[in-house]
Structures are given as structure tokens and as C-alpha cells.
Amino acid sequence: MPSLIGIGNPSNGTSGRLIGDDMSSGAFCIVCGDPPPLTSDRLCETCLRARVSLSTMPERIQQDRCSKCGFFEIRGRWTDMDGDDLADLRIRENLLVEDRSKNVDVSFAVEEIDERTCRLHVDVVGMVENHDFSDTHSVLLQTSNAVCPTCTRKAGSYFEAVMQLRSAGRRLKDDELESLRSTLDEMLSSMEPDPMFFISEEGKVTGGWDLKLGSKAMARRWARDLVRKFGGTVKETSTVIGANDGIEVSRLTLSYRKPAYGIGDAINFRGSLWLVESWQKEGPILRKMKMFERAGFSWRDMESSSVACSYSEQHVVGILNRDSSAVEVMDPVDFRVVTVALPYDDDGNSEDIRIGFIEDEWLAIPVVGKGGSN
Ligand SMILES: [Zn+2]
Ligand SMILES: [Zn+2]
């Protein structure tokens, strides 16, 4: 056994040298016959470079831009993209890199020629079969005018749903309309862009605001947001407007009714003062102002309620003096010192207090009424 090892070692070394000799004497470039070093497919470096390029790219790239909204067509979708991001994407789409390459690095510069044309200067470096390669491409990126499907629909006044913003039993005030309407922009900016989520038309109507929307999904989603934020109800009606290839085409009308009161408002209800605390599907949750009591009521129950002092009319004032049952504060309207009875949830050491002018006097508002969304 030891002798085998003894024999094995030198013979291994010998055979290694022998194979090496074989290669140098026997292998050659299959194109020009040059000796090694050779690539894995038996080419010398010169013949490899003559046959292989690191990358290829077309001389011209054509892209479409919507002439109305300015979005670019990218893989079948229309997207708001520009400048280097867009150039980067077009290069990725059009640059073909040799399969065997490694450590490839692409850099580029954009040279603007005019409104619709720019030249991309692209530098590519990398390795093929352990040889350094580099390429440069000068590519014309040309932009054609088009109209995206969304703008086509908008231009044709297309809409699938009507959204009506109203209030229960009164007109919506301008600032209320503004805060309701702003939640649509919030929704659109917080979600993945959807080409059907567009506003075809909108405007003021008696008592509220109407919008024609690109899709039913958009109307329903927004209605859910409105109810979550401002309470209220949504009435849904569907109208058949025709048929397309035998399929009925309908239009949805959503009528959103904002309650007359908001979170944090003090309201008169069933002979007591309450604060609106939060919304449920069926109606608001109220808290009594005088003592701890919390209960949910239906929208119908609430029809007999009235706002005594809205959250925006309440004031937070500093406490000048306090005793066990009342505090002295400065009247925020005429700056005289007035006495206000402590709220039931007073903690005995807070430095300010929320008050509202209700039925001819300043009343303390318990802390639970905090955090309105008006
Ligand atoms: Zn060769
Ligand atoms: Zn467009």
C-alpha cells in the first residue's frame, strides 16, 4: 500500500505535465491555427475579438408619448417617466449583451437634440472569456406623438360612474366640499396608477358637487374612503345605458351623504350634549359630555340631532387658576376672566382645557372629544 502511494504521487505529477505538453503541442485556434491560450470554444484572443462583440444596440429607438398627458408608453402601459430614468429603461430594453460576458457595467449620457429627439451615448464594459471588452453606442431616441387610452376616453367624455357629494338636509359648505374632494386626490396619489381612474368632468351643483368618473371601481373605492373619514351613507343606483356586443352597459351613480356633524363636534341629541367620537357603518359612536357614557346610534336616530358647537369652533385655553370643581380661564372672544366647571375627566393638573360656547356659556369639553378630522 505505501508503495502505491509512492508511485501514485510522482506519476500524477508527471501525467499533469504530459497533458500540459499535449495541449501546447496539440491544441490550436480553430480559425487561424494559433497556439494557446485559447478560449473554451478554442479561439485565440484575436479571433475571439473578431467574432464576438460585447454588446449590440439598434441605431434608432422609437417611443410613443401621449400628446395630452405627456405619459410614455412602456411595455403596453402609459407611465409618467422622464429624463435619465426613461433613457435607462430604453437602454435596458434595447441593449443586447453577449451571453458569456461577466462584470458588465453600462453607463450613459443623454444629449438632447430637440423636443422629440435625443442621442444616447452608451458605454459598455465587461469581460468575455477573461478578456476585457468595451463597446460604445450612439443611439437616436425618437419620440412620436400618440394619445393614450385614458386621454382618448377623457376626450370622448367617457365615464362609468357618477359621484354625488351631498350633505344630509343642508348644503355643503365650501370648506367641507374642499376637504371631501381632497380625499380623492389623496386616494389617487397613494395607489398604483390605474388608467381607468380619471375624472371626466366635475363641478358644483345645488347643494353639493358632482363628478363623472372613469370607472365604477374608482367611485366605490372613494366612497369607502369618504365614509371611513367623514361618516355618512352611500346610496348606489345603476342605470342601463345600452348594450355592447350583447352585454349590458350600465352606469353607476353613488350618492354620498355627509352627516351634518363631524368628529369632535358637540351635539344636542335626546336632551343631552354629546361628542361625536368615531364612525361605524350604521352610524356614529357618541360620548356624553357630562359623564362617562358611550353609545352607538344609527344615522336615522341622528336625524333629530343638531350641532351645538363644532370642533372647529372650540378653543383650547390656558388655565389661570383651578380649584376642585372649576377653573378660571380667559374668554377667547372678549378676553375677560371666566369660570368654567371642570370636565368629569379632569386629571387635576393639566395646564389647558378645551372649551366650547354652548347655550350662552363656556363649557369644558372632555378630552375624549379630541382628535377631530374636520
Ligand atoms: Zn485565431
Ligand atoms: Zn394621455
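The values are calculated or read from the model by the stated rules, or taken from the named source; none is laboratory data. Here the structure is a predicted model, which is why all the values come from computation and not from measurement. Note that each Cβ is placed from the backbone with ideal geometry, even for glycine, and that neighbours are counted across all protein chains shown. The area values use the complete protein model at the heavy-atom level, side chains included, leaving out ligands, DNA and RNA. Shrake-Rupley method; radii C 1.70, N 1.55, O 1.52, S 1.80 Å.
So Gly203 clears everything in (1) open to solvent by less than 80 Å² (accessible area, probe 1.4 Å); (2) in contact with a strand residue (DSSP E or B) (Cβ under 6 Å, 6 or more places away or on another chain); (3) of a type outside the set (Phe, Trp, Tyr); (4) in a strand (DSSP E or B) except one condition, right? Which one? Condition (2) is where Gly203 drops out.
For segment 136-149, taking the residues that are part of a strand (DSSP E or B) and not small (Gly, Ala, Ser), the one that is most open to solvent (accessible area, probe 1.4 Å) is identified as Thr136.
Taken as a whole, the structure leaves Met330 outside the set of residues that are aliphatic (A, V, I, L, M) and within 41 Å of the chain's Cα centre (by Cα).
Looking at Arg42, Arg49, Arg65, just one residue is within 16 Å of ligand 2 (Cβ to nearest atom) and surrounded by 13 or more Cβ atoms within 10 Å (Cβ to Cβ), and that residue is Arg65.
The selection criterion, being open to solvent by 10 Å² or more (accessible area, probe 1.4 Å), in contact (Cβ under 8 Å) with a residue 12 or more places away in the chain and not assigned by TED's automatic domain parsing to the domain that holds Ser325, does not hold for Ser298. Here is the figure for segment 22-78: residues that are of a type in the set (Lys, Arg) and either farther than 25 Å from Val122 by Cα or within 11 Å of ligand 1 (Cβ to nearest atom) (or both) total 5. More than 16 Å from ligand 1 (Cβ to nearest atom), part of a strand (DSSP E or B) and either assigned by TED's automatic domain parsing to the domain that holds Arg220 or open to solvent by less than 40 Å² (accessible area, probe 1.4 Å) (or both): is that true of Ser107 in this structure? No: the conditions fail for Ser107.
Looking across segment 134-158, the residues that are in contact with a Ser or Thr (Cβ under 7 Å, 6 or more places away or on another chain), away from ligand 2 (no atom under 16 Å from the Cβ) and of a type outside the set (A, V, I, L, M) come down to Asp135, Gln142.
Scanning segment 263-289 for residues that are outside any strand (DSSP E or B) and either touching a Cys at 6+ places or on another chain (Cβ under 8 Å) or touching a residue at least 60 places away in the same chain (Cβ under 8 Å) (or both) yields a count of 4. Here segment 150-178 is the region considered, the condition is being touching a residue at least 60 places away in the same chain (Cβ under 8 Å) and closer than 15 Å to Ala260 by Cβ, and the residue that is surrounded by the most Cβ atoms within 10 Å (Cβ to Cβ) is Leu165. For Asp80, the conditions (1) within 21 Å of Glu129 (Cβ to Cβ); (2) at pLDDT below 95 all hold with the exception of (1).
Among the residues in segment 86-97, are any outside the structural domain of Glu129 (by TED's automatic domain parsing), part of a helix (DSSP H, G or I), more than 16 Å from ligand 2 (Cβ to nearest atom) and surrounded by fewer than 15 Cβ atoms within 10 Å (Cβ to Cβ)? Scanning segment 86-97, I find no residue that is outside the structural domain of Glu129 (by TED's automatic domain parsing), part of a helix (DSSP H, G or I), more than 16 Å from ligand 2 (Cβ to nearest atom) and surrounded by fewer than 15 Cβ atoms within 10 Å (Cβ to Cβ), so the answer is no. Taken together, Asp334, Asp360 contain a single residue that is modelled with pLDDT under 95 and more than 29 Å from Ile285 (Cβ to Cβ), which is Asp334.
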